[in-house]
């Protein structure tokens with residue numbers, strides 16, 4: 001269980017400007033959460049703060065009762081947090097095989113590397129020896145990024161807009177991979193998304209705007225654009241099949 | 001006989017852990033110490049100046065030549081002239097390089113001047129690694145000169161690597177490519193401390209169909225300094241592409257000076273250069289896979305220079 005209490009993040013060099021404001025949230029084990037809301041609302045900052053990439057100005061983050069607020073990215077990864085970047089960094093000279101082997105850790109076998117790549121719909125024969133730098137499309141990089149998270153077998157997997165910058169074909173694979181990970185791994189999944197297809201996979205949807213988690217409810221509620229005031233307050237209506245932002 | 005330190009150097013620069021198969025010539029502290037010619041590859045001592053003549057017979061296939069140089073003393077300045085004649089239709093791999101182990105303060109310097117005449121339709125792969133180690137007060141200097149003339153339809157692959165420990169290096173590479181000759185050149189340089197490395201690569205494509213592909217990657221750390229100059233000259237219907245990438249860290253500096261010179265309207269010449277630090281997102285990505293910052297940095301550099 002990931003528990004966030006009174007979490008705030010100030011803009012670098014401007015302590016009065018808060019990017020996240022007193023957030024309280026609990027993410028239960030094995031549940032799939034989608035976080036959505038308008039651009040600039042704080043979603044990516046929130047995801048990065050969970051992973052330790054951004055430091056909070058106040059508040060706490062606890063994983064299974066253990067305070068991890070002061071842990072760095074490496075320490076959080078070792079404790080079971082996984083993170084997929086919105087724009088995956090490229091590595092000149094580092095092959096896809098080596099990147100996935102790093103993600104798999106000690107004892108990574110060729111079969112394991114190939115298996116992970118297959119789970120995101122990429123053919124090992126075509127991709128393993130390619131450079132994880134230039135030459136791969138945005139969609140291919142996103143799938144490889146996803147594969148690195150799968151390889152870690154995290155207990156909490158955080159995805160920052162897995163749909164950003166990819167075509168519908170790749171989106172289909174990403175959505176299937178998210179669905180498969182949810183079914184197979186038992187990981188808690190926190191997915192920042194504007195995409196109806198991904199939001200539809202969630203057990204719970206959180207709406208973030210102006211640095212606050214202002215609403216939460218089911219995916220069905222969100223997608224229907226209706227939610228009883230007594231349940232979680234109204235969600236803005238999403239256009240079907242379109243980006244929400 | 002070579003001792004453990006000398007074999008360790010040979011391992012670093014030429015992947016030699018024992019006496020190699022095929023032809024070889026090992027030079028130690030300015031003197032040739034071991035040599036073997038084969039039926040198709042002749043190695044002989046020059047009579048007019050220090051060095052060797054290597055002749056690869058026409059049609060030789062799948063043979064290798066090891067010609068490493070090691071310096072294990074200080075106070076040495078060794079200059080050697082090695083000339084290679086690569087016969088037509090042959091396929092050969094030449095593993096060269098120089099390793100310096102400085103047992104104490106003082107200087108050790110090696111200037112290796114290598115000339116190659118690559119015959120028609122021949123395929124030559126030349127691998128040269130430079131490495132230094134030992135006393136920190138020692139000045140280790142390597143100044144390699146590589147001159148290649150590639151005849152029609154030949155292919156030349158060059159892998160030139162400086163993997164650390166060299167205080168000063170000035171590399172000068174000149175290649176002339178005739179009709180349909182092809183050059184693939186990979187340069188890798190790592191400097192640290194106050195080391196200085198400079199590389200001048202001059203390529204002349206004088207025949208129709210000639211092509212050159214150069215990928216130079218380097219990492220400069222601490223207060224080291226690197227300079228790169230590329231002259232790509234197209235005198236025919238040819239294609240040339242130079243890509244120079246550098247990672248600059250700490251207080252180091254790198255400069256890259258390209259010149260592409262088309263003297264034929266059919267020449268297609270491209271130069272790309274990028275110098276920058278390791279991106280923070282690259283480090284964070286590898287940290288999110290459980291690596292420490294130092295491990296992540298090392299992996300990024302290792303991959304970049306691979």
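Compute the long axis of helix A:138-152 from its Cα atoms, compare it with the longest principal axis of the Cα atoms of chain A, and write down the angle in degrees, 0 to 90, nearest 10.
Result, in degrees: 90.
Determine, from the Cβ-Cβ distance of residue B:15 and residue A:55 and an R0 of 45 Å, the FRET efficiency 1/(1 + (r/R0)^6), rounded to the nearest 0.05. Provide the component values of the computation, followed by the final result.
Details: r = 46 Å, r/R0 = 1.02.
About 0.45, to the nearest 0.05.
From the helices alone, meaning DSSP H stretches of at least four residues, give me the mean residue ellipticity at 222 nm for chain A, per-run term -39500 (n - 2.57), in deg cm²/dmol to the nearest 500.
Numbers: 9 runs with 81 residues, N = 245.
Dividing the helical sum by the residues of chain A leaves -9500 deg cm²/dmol.
Suppose the chain between residue B:85 and residue B:281 were pulled fully straight at 0.36 nm per residue; how much longer would it get relative to their current alpha carbon spacing?
Values: separation 196, 0.36 × 196 = 70.56 nm, distance 4.88 nm.
Length gained, residue B:85 through residue B:281: 65.7 nm.
What whole number of Å gives the distance from the Cα centroid of region B:189-258 to the Cα centroid of region A:96-156?
Each part's Cα centre sits 32 Å from the other's.
So what is the relative contact order of chain B, in percent, for Cα pairs below 8 Å that sit 6 or more residues apart?
Value for chain B: 10 percent.
What spacing in nm lies between the two simple spin-label points modelled at residue A:179 and residue A:1, each 7 Å away from Cα in the Cβ direction?
Label at residue A:179, label at residue A:1, 3.1 nm between them.
With an 8 Å Cα cut-off and a minimum separation of 6 or more residues, compute the relative contact order for region A:120-179 in percent. Don't skip to the end; give the middle numbers.
Working: 28 pairs, mean separation 27.3, N = 60.
Normalised by residue count, the contact order of region A:120-179 is 45 percent.
Multiply the residue gap between residue B:157 and residue B:37 by 0.36 nm, knock off their C-alpha separation, and tell me the result in nm, one decimal place. List each step's numbers first, then the result.
On the way: separation 120, 0.36 × 120 = 43.20 nm, distance 2.29 nm.
Here the answer is 40.9 nm.
By how many degrees, between 0 and 90 and to the nearest 10, does the Cα long axis of helix A:110-119 differ from the longest principal axis of chain A?
50 degrees
How many Cβ atoms of partner chains, on average, are near each residue of B:272-284 if near means within 10 Å of its Cβ?
Working: counts 0, 0, 1, 0, 0, 0, 1, 3, 2, 6, 5, 2, 9.
If you average over the peptide's residues, the count of other-chain Cβ atoms is 2.
Can you give the average number of partner chain beta-carbon atoms within 10 Å of each beta-carbon in peptide B:288-298, as a whole number? List each step's numbers first, then the result.
Numbers: counts 18, 15, 12, 7, 5, 3, 0, 2, 3, 0, 0.
Per residue, the average neighbour count from other chains is 6.
Would you calculate, for chain B, the mean residue ellipticity at 222 nm contributed by helices, counting each DSSP H stretch of 4 or more residues as -39,500 (n - 2.57) and dividing by all residues, to the nearest 500? Numbers along the way, then the final one.
On the way: 3 runs with 31 residues, N = 306.
Helix-only estimate at 222 nm: -3000 deg cm²/dmol.
With a ≥ b ≥ c taken as the square roots of the eigenvalues of the C-alpha gyration tensor of region B:4-279, please select rounded if a/c is under 1.5 and otherwise prolate if a/b is larger than b/c or oblate if it is not?
Numbers: a/c = 2.15, a/b = 1.08, b/c = 1.99.
The shape class here is oblate.
For residue A:126 and residue B:213, what is the calculated FRET efficiency with R₀ set at 22 Å and r taken between the beta-carbons, to the nearest 0.05?
The computed FRET efficiency comes out at 0.45.
In nanometres, what is the gap between the two model label sites at residue B:293 and residue B:202, each 7 Å from Cα along Cα-to-Cβ?
That separation, rounded to one decimal, is 4.5 nm.
Please grab the % of Cα pairs in region B:6-105 that end up more than 22 Å from each other. Don't skip to the answer; put the middle values down first.
Working: 1499 of 4950 pairs.
Here the long-distance tail beyond 22 Å is 30 percent of all Cα pairs in region B:6-105.
How much length is gained if the chain between residue A:16 and residue A:78 is pulled fully straight, taking 0.36 nm per residue apart and subtracting their Cα-Cα distance, in nm to one decimal?
Values: separation 62, 0.36 × 62 = 22.32 nm, distance 3.32 nm.
Taking 0.36 nm per residue and subtracting the Cα distance, the gain is 19.0 nm.
Applying 1/(1 + (r/R0)^6) with R0 = 25 Å to the Cβ-Cβ distance of residue B:62 and residue B:225, what FRET efficiency is obtained, to the nearest 0.05? It would help to have the intermediate numbers written out before the result.
Details: r = 41 Å, r/R0 = 1.64.
Efficiency at R0 = 25 Å is approximately 0.05.
For helix A:168-185, what angle does its Cα long axis make with the longest principal axis of chain A, in degrees from 0 to 90 and rounded to 10?
Between the helix axis and the principal axis of chain A, the angle is about 80 degrees.
Order of B:159, B:6 from fewest to most other C-beta atoms within 10 Å?
Working: B:159 15, B:6 19.
Listed from fewest to most nearby Cβ atoms, that is B:159, B:6.
Taking every residue in A:86-98, how many Cβ atoms of other protein chains lie within 10 Å of its Cβ, on average? The partial results should precede the final answer.
Details: counts 0, 1, 2, 10, 4, 8, 10, 11, 8, 2, 0, 0, 4.
The shielding value for this peptide is 5.
Remind me, relative contact order of region A:2-227 in percent, using alpha carbon pairs under 8 angstrom and six or more residues apart? The partial results should precede the final answer.
Numbers: 433 pairs, mean separation 63.8, N = 226.
Over region A:2-227, the number comes to 28 percent.
How many nm separate the modelled label positions at residue A:28 and residue B:143, each set 7 Å beyond the Cα in the direction of the Cβ?
Between residue A:28 and residue B:143, the simple spin-label model gives 7.6 nm.
We did not get these values from a lab; they are worked out from the coordinates using the rules stated. None of these values were measured; they are calculated from a predicted model. Every residue, glycine among them, receives a Cβ derived from its backbone with ideal geometry; neighbour counts consider all protein chains shown.
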